[in-house]
Amino acid sequence: MGYFPFFVDLSGKEGLVVGGGDVALRKIEKLLPYGPHLTVAALSWREELEQIQGLSLVRKAFEESMVEGKYFVIAATDDQALNEQISRLCRERNILVNVVDDKEECTFLFPSLVKRGKLSIGISTEGASPSGAIHIKNHLNQWLPKSFDEILDFLEKTRILVKAQVPQEKRRSLVFSKMFEQCMEKGRGLTEGEIRGILEKADEDD
């Protein structure tokens with residue numbers, strides 16, 4: 001059937017990570033830029049986790065009550081039976097769950113992620129080829145300008161200006177498209193003169 005790539009607002013949402021090893025750390029590092037409140041439950045954990053601000057670290061074995069009130073749970077232990085138990089509990093309670101290295105026990109998957117400012121690209125092969133997803137991710141990172149987050153901020157700010165000066169929707173869409181193309185070519189936002197040139201060209205083509 002496939003996995004539909006929803007983009008979900010995680011800001012302030014409660015998440016639980018069971019396990020404190022390398023895999024747990026990688027999952028946490030992916031999630032943190034999106035603003036969830038994460039609790040990590042493990043008997044031991046990587047020292048790096050203690051340096052991450054905002055994490056709630058609980059040094060104890062998993063208990064069923066830990067999943068209560070959570071929006072999502074990540075089972076990242078090396079105990080397959082425990083991971084399956086966590087998955088079952090979450091499914092019974094309609095809590096989103098990800099079990100590392102076990103797609104059948106997951107209700108959501110972690111994509112290979114490209115993030116530049118407001119841009120988020122999730123790449124998934126549904127577990128068929130994780131290396132393929134990473135390969136595509138690396139190509140995207142090479143293609144995107146290093147300043148892409150700044151380009152997006154610039155385009156967001158200029159939307160108001162363009163909407164005010166170009167009321168026709170079809171023509172406005174062409175202006176936005178041309179601005180994006182020039183930003184990508186130049187690797188930066190545009191000057192006032194460059195913006196004016198695009199607007200004037202749109203008037204001539206109208």
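On a per residue basis, the chain carries 62 Å² of accessible surface, using protein heavy atoms and a 1.4 Å probe.
Rolling a 1.4 Å probe over the protein heavy atoms of the stretch 2-103, with every protein chain left in place, gives an accessible area that is 48 percent carbon and sulfur. The HN-Hα couplings worked out from phi for the stretch 146-153 by the Karplus form 6.51 cos²θ - 1.76 cosθ + 1.60 (θ = phi - 60°) are 4, 8, 4, 4, 5, 4, 4, 4 Hz, whole numbers, x standing for Gly and Pro. With a cap of 16 neighbouring Cβ atoms within 10 Å, and only residues DSSP puts in a loop, list the chymotrypsin sites (Phe, Trp or Tyr not before Pro) found in the stretch 40-80. Within the stretch 40-80, the qualifying chymotrypsin sites (Phe, Trp or Tyr not before Pro) (loop, at most 16 other Cβ atoms within 10 Å) are Tyr71.
Report, ordered by chain and residue number, the lysines lying within cross-link reach of Lys146, taken as a straight Cα distance under 22 Å and ignoring same-chain residues fewer than 8 apart. Excluding near neighbours in sequence, the set is Lys30, Lys115, Lys118, Lys137, Lys157, Lys178, Lys186. Taking amide H as placed 1.01 Å from N in the peptide plane, the amide H of Val17 sits under 5 Å from that of Thr39, Val40, Ala41, Ile74, each at least 5 places away or on another chain.
The stretch 71-145 and the stretch 1-70 have Cα centres lying 13 Å from one another. Under conditions of 25 °C and 0.890 mPa s, the stretch 1-61 yields 199 µm² s⁻¹ as its translational diffusion coefficient, taking Rh as the Kirkwood radius over Cα pairs in the Stokes-Einstein equation. The amide H of Val97, built 1.01 Å from its N in the peptide plane, has Val73, Thr107, Phe108 as neighbours under 5 Å, considering only residues 5 or more places off or on other chains. Averaging the sequence gap over all C-alpha pairs within less than 8 Å and six or more residues apart, then dividing by the number of residues, gives the chain a relative contact order of 13 percent. The long axis of helix 192-205 is offset from the longest Cα principal axis of the chain by roughly 70 degrees.
Using C-alpha pairs under 8 Å with a sequence gap of at least 6, the mean separation divided by the residue count of the stretch 1-64 gives a relative contact order of 33 percent. Couplings 3J(HN,Hα) for the stretch 94-106, derived from phi with the Karplus relation 6.51 cos²θ - 1.76 cosθ + 1.60 (θ = phi - 60°), are 6, 9, 4, 9, 10, 10, 5, 6, 8, 4, 5, 9, 9 Hz, where x marks Gly and Pro. Helical content of the chain, expressed as a calculated mean residue ellipticity at 222 nm, amounts to -14000 deg cm²/dmol (DSSP H runs of 4 or more residues, -39,500 (n - 2.57) each, divided by residue number, nearest 500). When Rg and the Kirkwood Rh are both derived from Cα coordinates, the Rg/Rh ratio for the stretch 1-105 amounts to 0.93.
When only Cα pairs below 8 angstrom with a gap of at least 6 residues are kept, the stretch 53-132 shows a relative contact order of 18 percent.
When the Cα positions of Thr125, Ile198, Phe108 are compared along the charge dipole of the stretch 92-206, Ile198 comes out farthest toward the positive end, with charges on each C-beta of Lys, Arg, Asp and Glu. When the alpha carbon gyration tensor of the chain is reduced to an equivalent ellipsoid, its three semi-axes come out at 43, 17, 16 angstrom, largest first. Highest average first, the peptides 28-38, 131-141 ordered by how many other beta carbon atoms sit within 10 Å of their residues are 28-38, 131-141.
The values are calculated or read from the model by the stated rules, or taken from the named source; none is laboratory data. This is a predicted model, so every value here is computed, not measured. FYI the Cβ positions are ideal-geometry reconstructions off the backbone, even for glycines, and counts take in every protein chain you see. Just so you know, the surface numbers come from the protein's heavy atoms only, side chains and all, with ligands and any DNA or RNA stripped out. Shrake-Rupley method; radii C 1.70, N 1.55, O 1.52, S 1.80 Å.
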